[in-house]
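So the structure is just underneath, and the comments pick up after that.
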There are 2 protein chains.
Amino acid sequence: MTSAVAMVELWRGGLLESTHRGHAVICNGDGEVIEAWGNPAQIIFPRSSCKIIQALPLMESGAAAAAGLTDAQLALACASHQGAAIHTGMVRDWLANLGMSEPDLRCGSHEPYDRDARNGLILGHEEPCQIHNNCSGKHSGFLTLTRHLKAGPEYVEIDHPVQQAIRTATEEVTGEASAGYGIDGCSAPNFAMSVQGLAQAMGAFAAARETGSLRERAMHRLAHAMAAHPALVAGEGRACTELMRAMDGRVAIKTGAEAVFVAMIPEQGIGIALKIEDGSSRAAEAAIAALLVRRGVLDAQHPATRKRLNAVQRNWRGRETGILCTAAGFV
Amino acid sequence: MTSAVAMVELWRGGLLESTHRGHAVICNGDGEVIEAWGNPAQIIFPRSSCKIIQALPLMESGAAAAAGLTDAQLALACASHQGAAIHTGMVRDWLANLGMSEPDLRCGSHEPYDRDARNGLILGHEEPCQIHNNCSGKHSGFLTLTRHLKAGPEYVEIDHPVQQAIRTATEEVTGEASAGYGIDGCSAPNFAMSVQGLAQAMGAFAAARETGSLRERAMHRLAHAMAAHPALVAGEGRACTELMRAMDGRVAIKTGAEAVFVAMIPEQGIGIALKIEDGSSRAAEAAIAALLVRRGVLDAQHPATRKRLNAVQRNWRGRETGILCTAAGFV
């Protein structure tokens, strides 16, 4: 079994300061491995990188169509958003359209990452609510499916029909039985899979035809919804949003906690999955940028790229302190 | 040359999710290695873990005595503080006693980590200033020495007498020529050293006698000032503060950016230095806690320990999601 390989390094004053190791796999739509680094069989939790997989039952059940969900809402269902006004406003409207409200969510509350939204709460002496949770779009999708299935309110329990449908879809698109599940930050089950299984699923999303099977149509619409709405998938300043914008809507990408990153490149019919073993987001962002550059879909010199790859590090006075770059031998 | 070894792991749902590797060395006061993991010769930047070394010229020059610095001020000179009112108030008074003020600092500004201080600025529509910088205590020490030496105002430049004195002290206490230097987050030079060199220095601080040489007396006073003022060295909720309190002032510990951690244990005359290769603070905190437990000075079941070692991870709804613990074979 191959170990994780050095992928990203932080240099300071001409000396290596920190190193990040990881695993990465690129698959085509038939699940064939095009390239791999580290151990493709490494079992990981995809965390939020699999929100697009978790949205498949919402599409395939007919729940999305019955609720008239727009591409923007589908992008938000696949998002880890900043809790900015554009995100929370959409979630509030979505819940209202379902005849539901904030207490129906089961994602928990945390301070929004969006600075204006955060400061607005502080200035208004308000506490954050579950709508600010970065997963509230995904949970709105869960509630839409719950309503459609006439299922009970505890939709994050492992034996709830929503989660069982997600388990089935997950095992189908990854081509493997899940090694188990963990509880995610938002309380939903998160099914473990190999890096290769996740890459295979992303390859299938990338290769899905608009006029194919029910699953292909669902995959095609979700991937294109994400690529078309970069600001909804994350938010201003964030890697998913800025890198998708830099690729002009041609590619869908998504981060997951503990340093997972995936990409779907429809024009090439390939998917990418990577996991940095130490869970560092900065390294996952640098590594996915490097692989997107390698595949020819991201400009290495674009400011959104240079913010994360060959990224000059500056301190509180703006002085240059170092650089974050790929390790020799990675790409 | 030995590679970094697995030290800390994050488990979720009974499966390994993330792994942190690192290097650690324990030295006695004579610089002898008691125990080591990974590569003792690994060159690292100590970052803020070496603030106690950077404070040696302040003591040995007579500047601290001339300015009448208290143990509390010395602890703050060795701190990475939260920017809470107790920290910023002391820095303001210190600067005023020098006949100086905020613009004389060269550390740059960032939002204080202390939540009340941060929210207070937002509510008052105020911007953070350099006094909120976590290094403003260290920089107050630099200014005190600058004044004593009648040196120029640009005290963070590499050729400034303050930084040259720090370089000399650093090479003496680590027992090695510095491999180079980088610019730290606060703009001061940070001299590279081996993990063993840093551990040797910490061993010397731990073994220093109150009535020994000029250097020993300086080392003794600084280490005891830190151990006696845990709230000044970091702040509420932080690892340095909580773990030092858990050890009842018997041990001084200090974190540094990019996952460095050091400890000085006077009653055993030993020092510890560790670096997690990926720069993750959570792993450095877990690893130093594990080594302090191993040395018998920290209770494995103390809440401050359990927050960081064998630490149950909970999500936004308080549900248990996993555990952060040491890797098999580490300690």
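The values are calculated or read from the model by the stated rules, or taken from the named source; none is laboratory data. Since we're looking at a predicted model, the values are computed, not measured. Note: ideal-geometry Cβ built from the backbone for every residue, glycine included; neighbour counts use all protein chains shown. Protein only, heavy atoms only, side chains kept; ligands, DNA and RNA dropped before computing areas. Shrake-Rupley method; radii C 1.70, N 1.55, O 1.52, S 1.80 Å.
Yes or no: region A:3-20 includes at least one residue that is crowded, with 24+ Cβ neighbours inside 10 Å and free of Cβ contacts under 8 Å to residues at least 40 places away in the same chain.
yes
Hey, can you tell me all the residues within region B:145-175 that are within 14 Å of chain A (Cβ to nearest Cβ) and farther than 12 Å from B:ILE53 by Cα?
Within region B:145-175, B:GLU154, B:TYR155, B:VAL156, B:GLU157, B:ILE158 meet the criteria.
Please determine whether any residue of region A:137-149 is out of contact with any Pro (no Cβ under 8 Å at 6 or more places or on another chain), β-branched (Val, Ile, Thr) and more than 22 Å from A:LEU69 (Cα to Cα).
The first filter runs over region A:137-149 and keeps only residues out of contact with any Pro (no Cβ under 8 Å at 6 or more places or on another chain), leaving A:137-144, A:147-148.
Next cut, β-branched (Val, Ile, Thr) only: A:144.
If we keep only those that are more than 22 Å from A:LEU69 (Cα to Cα) too, we end up with none.
Within region A:137-149 (the criterion being out of contact with any Pro (no Cβ under 8 Å at 6 or more places or on another chain), β-branched (Val, Ile, Thr) and more than 22 Å from A:LEU69 (Cα to Cα)), the answer is no, since none of the residues qualifies.
Every residue, every condition in (1) more than 10 Å from chain B (Cβ to nearest Cβ); (2) at pLDDT 95 or above, yes or no:
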site: A:MET1; (1), (2): yes, no
site: A:GLY14; (1), (2): no, yes
site: A:HIS20; (1), (2): no, yes
site: A:VAL25; (1), (2): yes, yes
site: A:VAL33; (1), (2): yes, yes
site: A:TRP37; (1), (2): yes, yes
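Residues of region B:263-287 being open to solvent by less than 10 Å² (accessible area, probe 1.4 Å) and assigned to a helix (DSSP H, G or I), which ones?
Hits for region B:263-287 are B:ALA283, B:ALA284, B:ALA286, B:ALA287.
Can you tell me which residue in region B:134-183 is nearest to A:ILE323 (Cα to Cα), limited to those that are in contact with a strand residue (DSSP E or B) (Cβ under 7 Å, 6 or more places away or on another chain) and hydroxyl-bearing (Ser, Thr, Tyr)?
Top of the filtered list is B:TYR181.
Among the listed residues B:LEU74, B:LEU105, B:LEU69, B:LEU56, identify the single one that is within 14 Å of chain A (Cβ to nearest Cβ) and not basic (Lys, Arg). Don't jump to the end; show me each part of the working.
Values: B:LEU74 fails: within 14 Å of chain A (Cβ to nearest Cβ); B:LEU69 fails: within 14 Å of chain A (Cβ to nearest Cβ); B:LEU56 fails: within 14 Å of chain A (Cβ to nearest Cβ).
Going through B:LEU74, B:LEU105, B:LEU69, B:LEU56 in turn, just one is within 14 Å of chain A (Cβ to nearest Cβ) and not basic (Lys, Arg): B:LEU105.
So, in region B:116-149, how many residues would count as being farther than 20 Å from B:ASP93 by Cβ, open to solvent by 40 Å² or more (accessible area, probe 1.4 Å) and either in a helix (DSSP H, G or I) or hydrophobic (A, V, I, L, M, F, W, C) (or both)?
2
Taking A:ALA204 as the residue in question, decide whether it is of a type in the set (Gly, Ala, Ser), open to solvent by less than 50 Å² (accessible area, probe 1.4 Å) and out of contact with any Lys or Arg (no Cβ under 9 Å at 6 or more places or on another chain). Before the answer, list the steps.
Working: of a type in the set (Gly, Ala, Ser): yes; open to solvent by less than 50 Å² (accessible area, probe 1.4 Å): yes; out of contact with any Lys or Arg (no Cβ under 9 Å at 6 or more places or on another chain): no.
So A:ALA204 fails the test.
Restricting region A:90-102 to residues that are more than 26 Å from A:VAL262 (Cβ to Cβ) and open to solvent by 30 Å² or more (accessible area, probe 1.4 Å), which is nearest to the other protein chains (Cβ to nearest Cβ)? It would help to see each step written out before you state the result.
So the first thing to find is which residues in region A:90-102 are more than 26 Å from A:VAL262 (Cβ to Cβ), and the list is A:92-93, A:95-102.
From the residues that got through so far, the ones that are open to solvent by 30 Å² or more (accessible area, probe 1.4 Å) too are A:92-93, A:96-97, A:99-102.
Working: A:ARG92: 19, A:ASP93: 23, A:ALA96: 23, A:ASN97: 24, A:GLY99: 23, A:MET100: 18, A:SER101: 17, A:GLU102: 14 Å.
If we take residues in region A:90-102 being more than 26 Å from A:VAL262 (Cβ to Cβ) and open to solvent by 30 Å² or more (accessible area, probe 1.4 Å), then A:GLU102 is nearest to the other protein chains (Cβ to nearest Cβ).
How many residues, within region A:170-191, are surrounded by 22 or more Cβ atoms within 10 Å (Cβ to Cβ), part of a loop (DSSP other than H, G, I, E, B) and not polar (S, T, N, Q)?
Of the residues in region A:170-191, 4 are surrounded by 22 or more Cβ atoms within 10 Å (Cβ to Cβ), part of a loop (DSSP other than H, G, I, E, B) and not polar (S, T, N, Q).
B:GLU210 passes all but one of (1) open to solvent by less than 60 Å² (accessible area, probe 1.4 Å); (2) away from every other protein chain (no Cβ under 14 Å); (3) in contact with a helix residue (DSSP H, G or I) (Cβ under 7 Å, 6 or more places away or on another chain); (4) part of a loop (DSSP other than H, G, I, E, B); which number fails?
Exception for B:GLU210: condition (1).
Among the candidates B:VAL260, B:VAL293, B:VAL312, single out the residue that is open to solvent by less than 10 Å² (accessible area, probe 1.4 Å) and either away from chain A (no Cβ under 14 Å) or closer than 25 Å to B:GLN82 by Cα (or both). Break it down stepwise before answering.
Numbers: B:VAL293 fails: open to solvent by less than 10 Å² (accessible area, probe 1.4 Å); B:VAL312 fails: open to solvent by less than 10 Å² (accessible area, probe 1.4 Å).
Only one candidate qualifies: B:VAL260.
What are the residues in region B:43-68 that are buried (at least 20 other Cβ atoms within 10 Å of the Cβ) and closer than 26 Å to B:VAL5 by Cα, if any?
Passing the criteria: B:ILE44, B:PHE45, B:PRO46, B:ARG47, B:SER48, B:SER49, B:CYS50.
Name the one entry in B:ALA259, B:ALA311 that is over 21 Å from the mean Cα position of the chain (by Cα) and either at pLDDT 95 or above or of a type outside the set (Val, Ile, Thr) (or both).
Working: B:ALA259 fails: over 21 Å from the mean Cα position of the chain (by Cα).
Exactly one residue qualifies, and that residue is B:ALA311.
In region A:277-289, which residue that is without any contact (Cβ under 8 Å) to a residue 60 or more places away in the chain and in contact with a Leu (Cβ under 9 Å, 6 or more places away or on another chain) is nearest to the other protein chains (Cβ to nearest Cβ)?
Filtering region A:277-289 for residues without any contact (Cβ under 8 Å) to a residue 60 or more places away in the chain gives A:279, A:281, A:285, A:288-289.
Retained after the next criterion (residues that are in contact with a Leu (Cβ under 9 Å, 6 or more places away or on another chain)): A:279, A:285, A:288-289.
On the way: A:GLY279: 4, A:GLU285: 14, A:ILE288: 17, A:ALA289: 18 Å.
If we take residues in region A:277-289 being without any contact (Cβ under 8 Å) to a residue 60 or more places away in the chain and in contact with a Leu (Cβ under 9 Å, 6 or more places away or on another chain), then A:GLY279 is nearest to the other protein chains (Cβ to nearest Cβ).
To keep it simple, each residue is scored yes or no on (1) in contact with a Ser or Thr (Cβ under 6 Å, 6 or more places away or on another chain); (2) in contact (Cβ under 8 Å) with a residue 12 or more places away in the chain; (3) outside any strand (DSSP E or B); (4) over 29 Å from A:ARG118 (Cβ atoms).
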residue	(1), (2), (3), (4)
A:GLU236	no, yes, yes, no
A:ILE253	no, yes, no, no
A:VAL293	no, yes, yes, yes
A:GLY329	no, yes, yes, yes
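Do you know which residues across region A:150-169 are open to solvent by 10 Å² or more (accessible area, probe 1.4 Å) and either part of a helix (DSSP H, G or I) or of a type in the set (Ser, Thr, Tyr) (or both)? Walk me through how you get there before you give the answer.
Keep residues of region A:150-169 that are open to solvent by 10 Å² or more (accessible area, probe 1.4 Å), which gives A:150-154, A:157-161, A:164-165, A:167-168.
Scanning region A:150-169 gives A:PRO161, A:GLN164, A:ALA165, A:ARG167, A:THR168.
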